Amino acid sequence: MTPPPEPPAPEGTPTTVIGLMSGTSCDAVDAAAARITHDGTALRLTPLGMVSEPYDDESRAALAAALPPGRTTLADVCRLDTRIGQAFARLAVRADRELCAGRAELVASHGQTVFHWADGGRVHGTLQIGEPAWIAEATGLPVVSGFRTRDVAAGGQGAPLVALIDRMLLGGRPGVPAALNVGGIANATVLTPDGTPAAFDSGPGNALLDAAARHFTEGRLDHDTDGRLAARGTVHRPLLDRLLAEPYYGLPVPKTTGRELFHSGYLRTALDEVGPLPAPDVLATLTRLTARTIADALRPFGVTEVLASGGGTRNPALMAALGQELGAGVRLRTSDALGLPGAAKEAYAFAVLGWLTLHGLPGTLPQCTGATGSRVLGSITPGRAPLRLPGPPAEAPRTLTVDRFDRVHPLEPAPPTTR
């Protein structure tokens, strides 16, 4: 007989969660640890820090070869699923040791997206690899994974999944705030004046920039470090116009896209149509494309503030172009203003989504993904101990506040354990 769920923990009891994330840039795994405390309709997140590790050269090359427009085999998928799961597992162990003093209670793993089956404005399926059993075995902790599939099964886009977290963070801010993440693909959540959220992928973030850097350096560089190449170039208007003609930008929200569309072959086709160009001019044009398409997607909402995160925030050329495109009336800052470092914001968001799943609470906003309703996301892989789920809270949280870690007592090292 299945044991009944445990009663909910007393409000104010924190749960220490590790969020694992690897985005569409496919370059590294990030782990962010947090203590999450529930109090009535509020969640409080105390960041404990972030660690990150790049994929090893072999895994990165295999992943790049398998992603669109490349072709792969089931044998390659199996190897990648295993290697990426093991990479996530190693980083989770490190995060527990270095950030949580061995006291982590849950891991939430986004996995590595390798295909998002979008066609005709609908998403038919999605695939994230990085087998969670490796994480559970290495850490001994329960693992929540496979977040996107349930939303797709319910008729949603499966992205952006951080919209619920963004709404909880942005609530109460003046004007019309937006949370923007610039990874391989750029996605945004906007909170309109009446509190109604909208979320979508605007288009490429770093995906085409990274593809161009690899193309022009014959693989020596995998990104335009600090936007240096772009800063030396001039926007090529015919190439920009050609790229802006992409039909995706005209689709209504909610909408999602990925490297299935914006990949190296897509860029090469566009370059072949306009003729040879210097590398700096191509990078400058692609930088302007990312900034323009983000600003064009946000403009109809009358956005007054943009809080940006992701790898794109470390590119000064891109941030300068984005500021220009948004205009003087829009305040552009990073998510650090919310207490979440720009590099770790998505990993922290998935830590919260994992906490919601553990407590039987929905992690989606159907108006943001197009699903038929809110759903509890993901699957749970048990750790070494018997899996005992807490009961759902009496009230679902509606707000999320972020504490500064220096305001609270750090975690003490855990006692020896056989976990």
- prompt: By how many degrees, between 0 and 90 and to the nearest 10, does the Cα long axis of helix 264-274 differ from the longest principal axis of the chain?
  reply: 20
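Please give the FRET efficiency for Ala320 paired with Ala385, using the beta carbon to beta carbon distance and R0 = 35 Å, rounded to the nearest 0.05. Please report the intermediate quantities before stating the final value.
On the way: r = 51 Å, r/R0 = 1.44.
It comes to 0.10.
Could you work out the longest stretch of the chain that avoids the GluC sites (Glu not before Pro) located in DSSP loops with at most 13 other Cβ atoms within 10 Å? Let's see the in-between values first.
Values: sites that count: Glu11, Glu218, Glu395.
Longest stretch, sites excluded: 12-217.
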task: State in Å² the accessible area per residue of region 171-262; use a 1.4 Å probe, count heavy atoms of protein chains only, and round to the nearest integer.
output: 42
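Of all DSSP beta bridges in the chain, what percent run antiparallel (nearest 5)? Numbers along the way, then the final one.
Values: 41 of 62 bridges.
Here the antiparallel bridges make up roughly 65 percent for the chain.
Between Thr196 and Leu74, what FRET efficiency follows from the Cβ-Cβ distance if R0 is 41 Å, with the result rounded to 0.05? Walk me through the numbers before you get to the answer.
Values: r = 43 Å, r/R0 = 1.05.
FRET efficiency, Thr196 to Leu74: 0.40.
Note the full-extension length gain between Leu251 and Asp119 as 0.36 nm times their separation in residues minus their Cα-Cα distance, in nm to one decimal.
Values: separation 132, 0.36 × 132 = 47.52 nm, distance 1.18 nm.
Using 0.36 nm per residue and subtracting the Cα-Cα distance, I get 46.3 nm.
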- prompt: Points 7 angstrom from Cα along the Cβ direction at Ala153 and Glu273: gap in nanometres?
  reply: 3.9
- line: Dividing the helical contributions, -39500 (n - 2.57) per DSSP H run of n ≥ 4, by the residues of the chain yields a 222 nm value, nearest 500 deg cm²/dmol, of -10000 deg cm²/dmol
message: Need one number: convex hull volume per residue for region 91-215, Cα atoms only, in Å³.
response: 169
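With a 1.4 Å probe and every protein chain left in place, work out the accessible area per residue of region 56-97 in Å², rounded to a whole number. Let's see the in-between values first.
Values: 2320 Å² over 42 residues.
That works out to 55 Å² per residue.
Quick one, can you get me the convex hull of the C-alpha atoms of the chain expressed as volume per residue in Å³? Walk me through the intermediate numbers first.
Working: hull volume 61.5 nm³, N = 419.
Per residue, the Cα convex hull of the chain comes to 147 Å³.
Determine the share of the chain's accessible area contributed by carbon and sulfur atoms, expressed in whole percent, with a 1.4 angstrom probe. Show your work: numbers first, answer last.
Working: 9730 of 17930 Å².
The value for the chain is 54 percent carbon and sulfur by accessible area.
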- line: For region 5-100 the trypsin sites (Lys or Arg not before Pro) that pass both the DSSP coil test and the at-most-11 other-Cβ-within-10 Å test are Arg71
message: Using amide H atoms built in the peptide plane, which far-off residues or other-chain residues are under 5 Å from Val376 H to H?
response: Gly363
query: Accessible area of Thr334, 1.4 Å probe, to the nearest 10 Å²?
result: 50
- prompt: Against the longest principal axis of the chain, how steep is helix 57-66, in degrees 0 to 90 to the nearest 10, with axes from Cα atoms?
  reply: 70
task: Ignoring everything but the protein chains, give the 1.4 Å probe accessible area of Ile84 in square angstrom, nearest 10.
output: 0
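Largest first, what is the accessible-area ranking of Leu389, Leu277, Leu45 with a 1.4 Å probe?
Values: Leu389 65, Leu277 35, Leu45 0 Å².
Sorted by accessible area, descending: Leu389, Leu277, Leu45.
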task: Apply the Kirkwood formula to region 24-124: the hydrodynamic radius equals the inverse of the mean of 1/r over all pairs of different alpha-carbon atoms; give it in Å with one decimal.
output: 15.8
task: For region 56-72 and region 153-186, write down the distance between their C-alpha centroids in whole Å.
output: 29
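The values are calculated or read from the model by the stated rules, or taken from the named source; none is laboratory data. Being a predicted model, the structure only gives us computed values, none of them experimental. Note: ideal-geometry Cβ built from the backbone for every residue, glycine included; neighbour counts use all protein chains shown. Just the protein is used for accessible areas: all its heavy atoms, side chains included, with ligands, DNA and RNA removed. Shrake-Rupley method; radii C 1.70, N 1.55, O 1.52, S 1.80 Å.
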